[in-house]
Every structure is written in C-alpha cells, then in structure tokens.
Amino acid sequence: MIVIGPYVRMRRGDADAQTNDGVRDSEARIDEAAGLARAIELTVVEALIAPISQIRPATYLGKGKVEEITGLIAGHDIELVVMDCALSPIQQRNLEKAWNTKVLDRTGLILEIFGRRAKTKEGSLQVELAHLNYQRSRLVRSWTHLERQRGGFGFMGGPGETQIEADRRLIGDRITRLENEIKKVQATRRLHRAGRQRVPYRVVALVGYTNAGKSTLFNRLTRAEVQAADMLFATLDPTLRALSLPHGGKAMLSDTVGFISNLPTQLVAAFRATLEEVLEADIILHVRDISHEDAEAQERDVDAVLRQLGIDPDAGARLLEVWNKIDRFDPEERENLRNIAARRPPERPCFLVSAETGEGIEALLTAIEDRLAATRITLDLSIEASDGAGISWLHRNAEVLAKELHDDRFDMTVRVDETKRDIVVSRFGAVPRAA
C-alpha cells in the first residue's frame, strides 16, 4: 500500500486555507499516518508527502500529482492507497477510478483500526455506530455499477437508486438500534458511577495522545496487565482498576481510548458513553510523550478533544499534566525539562515520569493524593481497641493517616469525604482538625 500526505502549503494563521493542521510538522504527520496503517498490519510500500497549493474539489490532488501516483501504483502493484486527509465521497470515488485501486482517507483508516481493536460489546457497538454514520454518505460508491435511469417526469429512479435508498433505510434502522443499545450502556455506566460514589473511591482518568504511554503508566500505577505496545491505538476498550495512594487511600484509575489529530467526529460522538468517565473524573491526568518531536502539537490536539467534551483544559484544578518517557533523555536534557516544568503556572502543573522505569511515579501519586485530599476533611478520634468492627469500617471508608495505641484505645487521624463526616462524628465522636 501507499500512504500519501496531501498537505496544503499555508502560512500560519491563514484562515482561508483548507488544511488538516497548519502547524504540525509534515514529516511527523506522514510518519503517524504510516504508523496508523502498520497498526493493522498493512505493508507500507511508500509513504510520500504531496504538497499542494489548494484542494481540488474533484480529486483533492492536482491532475499532475494524480498521474504521477498512477505510475507509482502501476509500478509496485499497489492494492490500497491511504490519503492522510478527509476525502469527500466524490473525491474518494474519482481517485479510485483514476488509480484503479481501493482508496481510504484518514477517517476510514482510523475507523478500520477501531473496528479491529474493539473487544468488548460496548466498544463494538460504538465503533459500528461510527462506521455506519461514516458509510451512509458513501453509499453511492457501492452501486456505481448499477444503472441510474430517470423516468420522463424525473420521479422514477432506476434500479441503482432504488438499491441505494433501500440500503440507506437499512443503515438508518441499524443506527437507531445501535443508539438505543448505547443508551443502555450509558445508563449502566451511570449506575456504576453512582455505586462508586457511595464508597470513598474517587476517579482518576488518563487521557492523552495515542501511543503516549497511557497503558504502560496504567499498569505501573495499578500493577495491572493491560496490553501496552509501541503502536498507535494499542488499546481501545476502557479499563478501571483500583489505585493505591501513599497513605493507604484508594481511588479508581480509568484508562480511556487515545486521542489523535483530526479524530473523526463520528468517533467522538459514538465514544461519548466511554468518555463520560473523563467528564465525571475527579482528576484528569493528561499523559504526554514529551520525547516526541510533535509533543506540543499533540498537546493541542488533546486539548481540542477535551473542549469537544465540555472540559476546559485551562480552567479548574483537576487536570494534571504527566510528561512521560523522560528515560529517553540524557541527564542534562532531563534537568532542562525540570527547569521548564518548575516555571509552569500553578494552575497547569506537570510531573516528569517514566512509566517504563518507574521514575517520578511516587511524586505523581503524592500529587494525586493531595488533590483528592483538598476536598476531604481530616478528623481526630479515639476508639476502643476492642472495637474491631469500627476500626475495620474506618479502614474501608476513610484514609487512615495515623494510628497509635495508648492503653486500651487507638488514637487515629483519618481523612473522609464530606458525605462521610457526620457518620464518623456521630459514631466515633471525631473532632475536625483545625486548618
């Protein structure tokens, strides 16, 4: 297969130019597109950048570039061409005719990856919904071999049009059924969240660009064994695991689907049920591959998706940046990164870690605990040593910060949610600690 990056040459801030991303490095973009293709085991014969001055309505590329690629396809016996852009149905059809081969745009390729990676029923439902919404506008391509007659008055469609309309109705019916099933998924997730709110477990969600190391960090923090590989979209289905904090407290850590530049709107809409875990999270960890040459552009892409979800990355204290993969830097470069991190504004703190080696993990866990503790109340209490049930309840429902035995009583310092305060005070005679 061939991967083509048809990137528009433009000046930064040129609002009239139609382009996917006017500030991203072209080499990094074509490397990412080739990585997407390899993620589903496609053999990339050629990955080339095709600079264009303007987008052609019929073929996206200019006539000369189309002819040049025609020769390249013939010379290598290519079966698939991936265009790293969003093609209209007409552009896709015209390029397939010109090249006599299958053509996928960026959206189609990402949907193909998601379709192969979805393992759970929920993930499969969401991918199928996104794919059908994408395919519905492209049905005309599937029936170009059928006759498209018109009656004398213009209201009688030929057999091709009849088949297209029938397929559209079938797809529309299937979309309606999928949307109803996904609503049930959303209701189930709401019940799960309500259940978690009845216990002192807060939710910490991981977000980030695909292949930023979220799953590796997830495994490091929770000692889980979620699949982690050096490829784009290695994991797709959401995962929740218990996270142990330094002072014995617990939280729930959620690993979500990775983001990517120009993430298809169909996927953002379809995966909203999954991404609601991010909306409801008490803390959001934005994991960045700080060693990547396009790290800043990737940060903007993730921020853009967060805004689509209704989360302002510049507001609120619940978002922490995690600069991952610092093990790829030498000591001098790491010190430079630490100086940059130290100059960050307090509302956008960042933490340097290596999910691979474990460097910086303890500091990150402490920061998570401190953020969660900001909305909790610290109480001092004295409880009889013989009250095993009460001591056990405290360990299950609160963070035990200190515990000392004096004669036959335990003097304890615990930290609890506001919702648990009255229970602890009434049952154990606890006294709030002065600020």
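The values are calculated or read from the model by the stated rules, or taken from the named source; none is laboratory data. What you are looking at is a predicted structure, and each value in this text was computed from that prediction instead of being measured. Don't worry about glycine lacking a Cβ; one is built from the backbone with ideal geometry, like all the others, and counts go over all protein chains shown. These area figures cover heavy atoms from the full protein model, side chains too; ligands, DNA and RNA do not enter into them. Shrake-Rupley method; radii C 1.70, N 1.55, O 1.52, S 1.80 Å.
Key figures
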| read-out | value |
| --- | --- |
| Residue count for the stretch 243-302, restricted to those that are within 27 Å of residue 32 (Cβ to Cβ), at pLDDT 75 or above and not hydrophobic (A, V, I, L, M, F, W, C) | 18 |
| Residue count, the stretch 380-402 (criterion: open to solvent by less than 90 Å² (accessible area, probe 1.4 Å), in a strand (DSSP E or B) and either charged (D, E, K, R) or within 24 Å of residue 201 (Cβ to Cβ) (or both)) | 7 |
| Residues satisfying the stated conditions in the stretch 311-333, i.e. assigned to a helix (DSSP H, G or I) and closer than 20 Å to residue 285 by Cβ | 326, 327, 328 |
| Residues that are of a type in the set (Asp, Glu) and in contact (Cβ under 8 Å) with a residue 40 or more places away in the chain, drawn from the stretch 285-298 | 289, 293, 294 |
| Given (1) of a type outside the set (S, T, N, Q); (2) closer than 28 Å to residue 401 by Cβ; (3) in a helix (DSSP H, G or I), index of the condition residue 300 fails | (2) |
| Contacts under 7 angstrom Cβ, first residue in the stretch 169-188 being basic (Lys, Arg), partner open to solvent by 80 Å² or more (accessible area, probe 1.4 Å), 6 or more apart | none |
| Candidate set from the stretch 403-435 (those that are hydroxyl-bearing (Ser, Thr, Tyr) and in a helix (DSSP H, G or I)); member that is nearest to residue 251 (Cα to Cα) | 419 |
| Enumeration of residues in the stretch 120-158 that are at pLDDT below 60, farther than 20 Å from residue 108 by Cβ and open to solvent by 70 Å² or more (accessible area, probe 1.4 Å) | 145, 147, 148, 149, 150, 152, 153, 155, 156 |
| Hits in the stretch 347-357 (condition: touching a helix residue (DSSP H, G or I) at 6+ places or on another chain (Cβ under 6 Å) and surrounded by fewer than 13 Cβ atoms within 10 Å (Cβ to Cβ)) | 357 |
| Residue check for residue 372: of a type in the set (A, V, I, L, M, F, W, C) and either under 26 Å from the mean Cα position of the chain (by Cα) or closer than 15 Å to residue 217 by Cα (or both) | yes |
| Looking only at the stretch 92-107, and only at residues there that are open to solvent by 10 Å² or more (accessible area, probe 1.4 Å) and in contact with a Lys or Arg (Cβ under 7 Å, 6 or more places away or on another chain), the one that is farthest from residue 130 (Cα to Cα) | 96 |
| Members of the stretch 410-422 that are out of contact with any helix residue (DSSP H, G or I) (no Cβ under 8 Å at 6 or more places or on another chain) and either open to solvent by 90 Å² or more (accessible area, probe 1.4 Å) or among the aliphatic types (A, V, I, L, M) (or both) | 418, 419, 421, 422 |
| Hits in the stretch 304-346 (condition: under 18 Å from the mean Cα position of the chain (by Cα), open to solvent by less than 70 Å² (accessible area, probe 1.4 Å) and free of Cβ contacts under 8 Å to residues at least 12 places away in the same chain) | 304 |
| Top-ranked residue of the stretch 95-120 - restricted to ones that are assigned to a helix (DSSP H, G or I) and over 18 Å from the mean Cα position of the chain (by Cα), ranked as nearest to residue 171 (Cα to Cα) | 96 |
